[in-house]
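Structure record follows, encoded as structure tokens.
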């Protein structure tokens, strides 16, 4: 293509500023790939620029030098040591090689081993996870999403099952290709060829959106191009199925840890806001920018700082593609229409982006066909320029009389628009700063929670989080959504304070205090008269979670009467929510409360009440499984309920008494329930 895309003729250590910017972009892209794929990435680059490839390889080795097995979490070390997969047979297929691995699973190359016919496939195997229940749920969701999609640019699901050691897997079409940006560089594609390739990506994204699926992790390494130019979109590991249009809208206040590729994530993903197809459109904008310039839209941001990158994504201005390249010819090609197309896809406000991936693809096609692009609609000088080119004589006669008035009106309208834009930017900045702080506090804790010796750092996170929430509360006023978010923050702090599974913070007193503040914030909102208001419903959902945790803590301290009071309050809220909306989620909410209350009743030796509450929980979880057989939350809780019931019956039989049960020692302990689920612990 152009020299800005493939630098040649330089020597090691002699890169100019543009060359080093390109190097930084390539290094960032390489480090998003699994280690096994990085040498291939460098080798393909070497075909066009051996010096650049050599320098990049050295940087990758330096970056990987500190990434040893000792840096991995314990679960990952156990997986490497204990579960060798190469040579293992899963169903009709034998694993022959590891292709790559990520946060949700490992992908292996496998071949058919039953002798019926020859076939090579890819097998995705769920990774070990401390939060196994959530991992199974997400893995099953990915398999169901892929099975529901049928498009020539998507890898097909062929089979699925569970390994002998209990790990779910599914078999899919093997895609032999390379990331779209690597392919474009290696083949030295022109701008037009890159745009045609990108339109195919938009079309398959539009197909998924039409089926109610948002990918949420669109990036070059998930878009492979085969040797014959066929595009395949992969990895729906964190994809989200959208709720039907007629279902009640759920307002999320969750700030839990999210798996995402930050460089391609939208502002709303970084902030933990509602995810829609517009989030994928933003990611497509980043991909298009990289395809055209081989660089990020945020060139000045340090590549080693997630905080600075997230800040730029939420509050910075994307660099137009034409300003990100040094080659004059390429800059001329990108200036104007393509700048406008990319920047429209990268708007901070989802409502201001393209309304669909199809519209983005159409605008790219309009550019290719030399038609005015929709991204520049409303740009006065652009439209007038096009009109003048078509009607030169008529414009020459008519424009003189109206020129002064047109210029004056245009200037006034532009000034008003800029003032409104500045007000919106200031409001968005305040919101972004608030949400960024919330996200980074808790994501930092989740990232270090399993590291040896991390307890002092986690205590500091608690102190900082409480100070942040207190300040936020003082500025919240009557903002109901913000008050609910603050209450959810206090609940998460309580989870950290009471957690003893990973390391011993075990600050039950502090956790009780945090939950008390959360309840005090939510109770006035729940008592509001307008029960149809979405904020009231969200407050009821959050308060029921707070009551569940209060009951857990009181039970852990042996205060069974206080625990029962908390559970009863939570059940009252949960019953009200289910009456208004008899959804599976509300049924699960009820079941979890009854399940936890039943354990409290058991240890309080109120055995009749234990049987009644555990029966209620069992009926609810069985009802969920009847409607949604693959629901992991219901299945795990139902299994635990039956285990505890069997232990009780065994005690009755061995101790020869209907009220027999071992003494309350050791006490039930609270294991922090991950978002969206609960575990009965004792």
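Every read-out reported here was derived from the displayed coordinates using simple, explicitly stated rules and does not represent laboratory data. The model shown is predicted, which means the values in this text are computed figures rather than measured ones. Glycine also receives a Cβ, built like all others from the backbone with ideal geometry; neighbour counts cover every protein chain displayed.
Dividing the convex hull volume of the alpha carbon atoms of the range 543-626 by its residue count, what do you get in Å³ per residue?
It is 73 Å³ per residue.
Once the Cα gyration tensor of the range 306-380 is diagonalised, what are the square roots of 5 times its eigenvalues, in whole Å and ordered largest first, as equivalent ellipsoid semi-axes? Each step should come with its number before you reach the end.
Numbers: eigenvalues 97, 65, 19 Å².
Working from the Cα gyration tensor, I get semi-axes of 22, 18, 10 Å.
Using the Cα atoms as the points, what is the convex hull volume per residue of the range 178-377 in Å³? Can you show the working numbers first?
Details: hull volume 25.2 nm³, N = 200.
In the range 178-377, the Cα convex hull volume per residue is 126 Å³.
Give the calculated FRET efficiency between residue 520 and residue 317 to the nearest 0.05, with a Förster radius of 41 Å applied to their Cβ-Cβ distance.
0.50
What distance in nm lies between label points placed 7 Å from Cα along the C-beta direction at residue 190 and residue 478?
Rounded to a tenth, the inter-label distance reads 6.3 nm.
Pulled fully out, how much extra length does the chain show between residue 332 and residue 611, if you take 0.36 nm times their separation in residues and subtract their Cα-Cα distance?
Extending this stretch completely gives an extra 92.9 nm.
Obtain the nm distance between the two label points defined at residue 97 and residue 627 by a simple spin-label model: each point lies 7 Å from its Cα along the Cα-to-C-beta direction.
That separation, rounded to one decimal, is 4.7 nm.
Between residue 307 and residue 533, 0.36 nm times their residue separation minus their Cα-Cα distance comes to what? Please report the intermediate quantities before stating the final value.
Details: separation 226, 0.36 × 226 = 81.36 nm, distance 3.51 nm.
Taking 0.36 nm per residue and subtracting the Cα distance, the gain is 77.9 nm.
What length, rounded to one decimal in nm, is gained on full extension from residue 120 through to residue 262, with 0.36 nm per residue of separation minus their alpha-carbon distance?
47.9 nm
Once R0 is set to 25 Å, what does the formula 1/(1 + (r/R0)^6) return for the Cβ-Cβ distance between residue 643 and residue 463, expressed as a FRET efficiency to the nearest 0.05?
Rounded to the nearest 0.05, the efficiency is 0.05.
The range 538-555 to the range 453-483: how many Å between their Cα centroids?
19 Å
What percentages, rounded to whole numbers, describe P(r) for the range 449-655 computed over all alpha carbon pairs with 5 Å bin width beginning at zero?
Percent of Cα pairs in each bin: 1, 7, 14, 16, 17, 16, 14, 8, 4, 1, 0, 0.
Based on the Cβ-Cβ distance from residue 578 to residue 349, what FRET efficiency comes out when R0 is 51 Å, to the nearest 0.05?
0.90
For the range 178-377, what's the relative contact order in percent, using C-alpha pairs closer than 8 Å and at least 6 residues apart?
Numbers: 278 pairs, mean separation 42.2, N = 200.
After rounding, I find 21 percent.
Take the Cα of residue 20, step 7 Å along the line toward its Cβ, and report every residue of the range 257-300 whose backbone nitrogen sits under 16 Å from that point.
299-300
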